[in-house]
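Single-structure report; data block below.
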Amino acid sequence: MAYKTILLDIADHIATITLNRPEAYNSFTRDMTNEFVEIWKRLREDEDVRVIVLRAAPSPAFCTGADTKGGPDVTPYRTPESRLKPWSLDDPAESLGAKSNRVWKPLIVAVSGMCAGGAFYFLNEADIIICSEESTFFDPHVNFGMVSACEPVGAMARMPLSEVQRMVLLGNHERISAETALRISLVTEVLPADQLWERARYLASLIAEKHPVAIEGSVRAMWEALSLPHREAMENALKYTQIGNPISTATVDRKTAPKAKWWLR
């Protein structure tokens, strides 16, 4: 199936999604949010897909959030009618977020360039985020008189509270560098731009080698624990091993399994 705003490639158990609106800094539109709903459903049900890579077409930005310049037919969630129905609006994460769409296959996000505002919908539900050396991160909402809530609340699961607060309150006046993003655990690795996609693909290939039940069970256990009290989360964690391990361990002989080649990070 062809998409208007996204490229999708599936090969070697890896689904690669490319945001494909470089002329608009890969901002998301009504069409893109609708396409993501379909893509998440498709990838969730495709047993050949074991891991997902999200990247963006070459542009000064990975994504700058919602397209605010295309008018009501383009900009999602901002029609005049929707403003009169504030209690029936949906959070864009319900369309754009993998975990919001119950996709437990690992999501690797490769950020290059500016990553702003609504782009955090993608980051907040990623499992691994890597970025290029020139990448920057910021949230411009308050500069335009807008409350910033959905994106930073989601980011609080990944970034220290003080860093989220500083990013939100300073708005357009400060950007988080790739070096700082690594220090505050927003990303886990920083690479030259020409190595970014290859690295994301390589990490995905290592994950794809592992049993999907073990991988998806691990991902789901960690994400669902975020919304539970610690003691309850610990008790719930055991259930995932009891359900998943009899399936996945049946395919692995620990005595004869080849030793993994590892690196120190």
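Only a single item in (1) over 17 Å from the mean Cα position of the chain (by Cα); (2) hydroxyl-bearing (Ser, Thr, Tyr); (3) in a helix (DSSP H, G or I) is not met by Ser227, and it is number (3). Would you say Ala233 is touching a helix residue (DSSP H, G or I) at 6+ places or on another chain (Cβ under 7 Å), without any contact (Cβ under 8 Å) to a residue 12 or more places away in the chain, within 25 Å of Ala155 (Cα to Cα) and of a type outside the set (Lys, Arg)? Taking the combined requirement at face value, the residue satisfies it.
One residue stands out among those in region 48-67 that are touching a residue at least 40 places away in the same chain (Cβ under 8 Å) and surrounded by fewer than 18 Cβ atoms within 10 Å (Cβ to Cβ): the one that is farthest from Trp104 (Cα to Cα), which is Pro60. Remark: Ala119 falls outside the filter, which requires a residue to be closer than 20 Å to Pro92 by Cβ, modelled with pLDDT under 95 and out of contact with any Asp or Glu (no Cβ under 6 Å at 6 or more places or on another chain). Among the criteria (1) under 14 Å from Arg55 (Cα atoms); (2) in a helix (DSSP H, G or I); (3) within 15 Å of the chain's Cα centre (by Cα), the one Arg199 does not fulfil is (3).
Would you confirm, using the coordinates I've provided, whether Ser205 is assigned to a loop (DSSP other than H, G, I, E, B) and touching a residue at least 24 places away in the same chain (Cβ under 8 Å)? The answer is no for Ser205.
Condition first: in the same structural domain as Ala98 (by TED's automatic domain parsing), farther than 30 Å from Ile215 by Cβ and at pLDDT 95 or above. Can you find one or more residues in region 5-22 that meet it? Yes; the residues of region 5-22 include at least one that is in the same structural domain as Ala98 (by TED's automatic domain parsing), farther than 30 Å from Ile215 by Cβ and at pLDDT 95 or above. Evaluation of Leu107 against the conditions (1) surrounded by fewer than 21 Cβ atoms within 10 Å (Cβ to Cβ); (2) at pLDDT 80 or above; (3) not hydroxyl-bearing (Ser, Thr, Tyr) shows that the sole unmet condition is (1).
Taken as a whole, the condition of being β-branched (Val, Ile, Thr) and not in a helix (DSSP H, G or I) applies to Val187. Restricting the search to region 83-118, which residues are of a type in the set (Gly, Ala, Ser) and under 30 Å from Pro192 (Cα atoms)? Hits for region 83-118 are Ala93, Gly97, Ala98, Ala110, Ser112, Gly113, Ala116, Gly117, Gly118.
The combined condition, being of a type in the set (A, V, I, L, M, F, W, C) and under 20 Å from Tyr202 (Cβ atoms), is fulfilled by Val51. May I ask you to verify whether Gly118 is at positive phi and either of a type in the set (Phe, Trp, Tyr) or more than 11 Å from the chain's Cα centre (by Cα) (or both)? The answer is no for Gly118. Close contacts from region 5-20, counting a first residue that is among the β-branched types (Val, Ile, Thr) and a second that is at pLDDT below 95 and part of a loop (DSSP other than H, G, I, E, B), with Cβ to Cβ under 7 Å and a gap of 6+ residues or different chains, come to Thr5/Thr29.
The values are calculated or read from the model by the stated rules, or taken from the named source; none is laboratory data. All values derive from a computational prediction rather than experimental measurement. Neighbour counts run over all protein chains shown; Cβ positions are idealised from the backbone, glycine included.
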